[in-house]
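The values are calculated or read from the model by the stated rules, or taken from the named source; none is laboratory data. Please read all numbers here as calculations on a predicted model, not as lab measurements. Using ideal geometry, Cβ is built from the backbone for each residue, glycine included, and neighbour counts are taken over all protein chains shown.
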Amino acid sequence: MFLRHPLLSLGTLLYLGFVGYITLGPQPLDDRANSFLWRALTVFGRHDSTQWITYDRVEFGANIAMFVPIGLFFLLLFGRRLWWLAVIFGIGLTLGIEFIQLFLPNRVSDPRDLIANSSGAFIGVIVGLVLTAGKARRIRRAKAQQRPRPASVRTF
């Protein structure tokens with residue numbers, strides 16, 4: 001699998017390294033008064049129509065978005081037939097991250113992250129299935145045309 005797709009494998013490993021650094025690395029210094037996110041949330045909080053945009057919801061959405069490429073990469077590596085394996089690997093990855101976070105100082109393991117990350121991986125698999133559906137259909141048609149028909153079905 002990795003030898004058949006060396007560039008995809010490299011991209012996947014690089015992205016997994018990025019996710020590992022974000023989820024397991026040192027927490028960035030959070031100066032809440034000056035960060036762009038907190039200033040934006042303050043602006044959103046002033047308006048009735050955007051008060052629902054809170055830090056918890058933004059973080060939840062960011063966790064989903066961060067795991068969408070993981071589901072997509074795993075699907076492309078394992079293939080469409082093994083889509084369920086890509087979902088399992090995405091869930092396993094998030095379980096592993098949350099478990100490791102239990103033992104890291106300054107990190108908090110949150111059950112909501114399990115839901116968000118797993119959802120993101122599942123969405124990535126779905127996106128991958130949709131994006132590759134046309135190519136898969138063309139490959140099936142080409143294979144069907146190459147197969148010889150049984151003698152009783154042949155038309156002349």
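Listing for the model above:
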read-out: Contacts under 7 angstrom Cβ, first residue in the stretch 101-114 being touching a residue at least 40 places away in the same chain (Cβ under 8 Å), partner surrounded by 10 or more Cβ atoms within 10 Å (Cβ to Cβ) and among the aromatic types (F, W, Y), 6 or more apart; value: R112/F60
read-out: Only one of V68, V108, V87 that is over 15 Å from the mean Cα position of the chain (by Cα) and β-branched (V, I, T); value: V108
read-out: Meets criteria (within 30 Å of K135 (Cα to Cα) and either among the small types (G, A, S) or in contact with an Asp or Glu (Cβ under 8 Å, 6 or more places away or on another chain) (or both)) for G79; value: yes
read-out: Pairs with Cβ under 7 Å, 6+ apart, first in the stretch 1-23 and in a helix (DSSP H, G or I), second at pLDDT below 90 and exposed (fewer than 14 other Cβ atoms within 10 Å of the Cβ); value: S9/F2
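Every residue, every condition in (1) at pLDDT 90 or above; (2) out of contact with any Gly (no Cβ under 9 Å at 6 or more places or on another chain), yes or no:
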| site | (1), (2) |
| --- | --- |
| P28 | no, yes |
| F36 | no, yes |
| G61 | yes, yes |
| L72 | yes, no |
| L77 | yes, yes |
| W83 | yes, no |
